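Student: Here it is: the structure, laid out below.
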Amino acid sequence: MTREDEIQKRLSARTPGRWVKAYPMRWCELDHFPHGKGKCDYQIHSWRLATREVCSVDGQHIIFGNDNGLHVSEADSQLIAHAPQDLEYLLSENARLRDELAEANNAIDDPSAYWSRISSERIKCGGQ
Ligand SMILES: [Zn+2]
């Protein structure tokens, strides 16, 4: 399994949707009273910034706290725990591929300059 496969596996297993560092404020859409008797239609009306809470944009909690502490699913914690190393890896791969693309574009734009540079680099390295 490649590094990209591992990253994709963690992404696929996470709570889906875009994540936001906030929690939703919900109100019942129905014109009835009292609310909260099982017939309500709670919809997201606004978002409040949260210091330690993350939700998906459809209102699912990713990281949340209650009386029993701070909670996050196993799959989401795997993604979060690997995020710094995965992002560093993907950024370095992105930079490497950009360099390769720039070199390929240079070779297309000016093939003779490209081949003379490659040849001189091979001579410096002791290659043939
Ligand atoms: Zn209601």
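All of the numbers you see were taken from the coordinates with simple rules; none came from a lab. Quick caveat: nothing in here was measured; it's all calculated off a predicted structure. All Cβ positions, even for glycine, are placed from backbone atoms using ideal geometry, and neighbour counts span all protein chains on display.
Student: Considering only residues that are β-branched (Val, Ile, Thr), out of contact with any Asp or Glu (no Cβ under 8 Å at 6 or more places or on another chain) and surrounded by 14 or more Cβ atoms within 10 Å (Cβ to Cβ), which ones fall in region 1-28?
Tutor: Hit for region 1-28 is Val20, nothing else.
Student: Further question: Give region 102-116 a look and list any residue that's more than 29 Å from Arg3 (Cβ to Cβ) and surrounded by 10 or more Cβ atoms within 10 Å (Cβ to Cβ), or say none.
Tutor: Asp110, Pro111, Ala113, Tyr114, Trp115, Ser116
Student: Now for a separate question. Filter region 35-65 down to residues that are β-branched (Val, Ile, Thr) and either in contact (Cβ under 8 Å) with a residue 40 or more places away in the chain or more than 24 Å from Leu11 (Cα to Cα) (or both), then give me how many there are.
Tutor: 3
Student: While we're looking at this one, here's another question. Among the residues of region 32-60, which ones are more than 10 Å from the ligand (Cβ to nearest atom) and on the phi > 0 side of the Ramachandran plot?
Tutor: Gly59
Student: With the requirement that a residue be among the hydroxyl-bearing types (Ser, Thr, Tyr) and loosely packed, with under 10 Cβ neighbours inside 10 Å, what does region 29-49 give you?
Tutor: Ser46
Student: Looking at region 68-113, which of its residues are over 28 Å from Lys21 (Cα atoms) and of a type in the set (Val, Ile, Thr)?
Tutor: Ile108, the sole residue that qualifies.
Each row is one residue, and each column tells you yes or no for (1) charged (D, E, K, R); (2) surrounded by 11 or more Cβ atoms within 10 Å (Cβ to Cβ); (3) assigned to a helix (DSSP H, G or I).
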| residue | (1), (2), (3) |
| --- | --- |
| Tyr89 | no, yes, yes |
| Glu93 | yes, yes, yes |
| Glu100 | yes, no, yes |
| Ile118 | no, yes, yes |
| Glu121 | yes, no, yes |
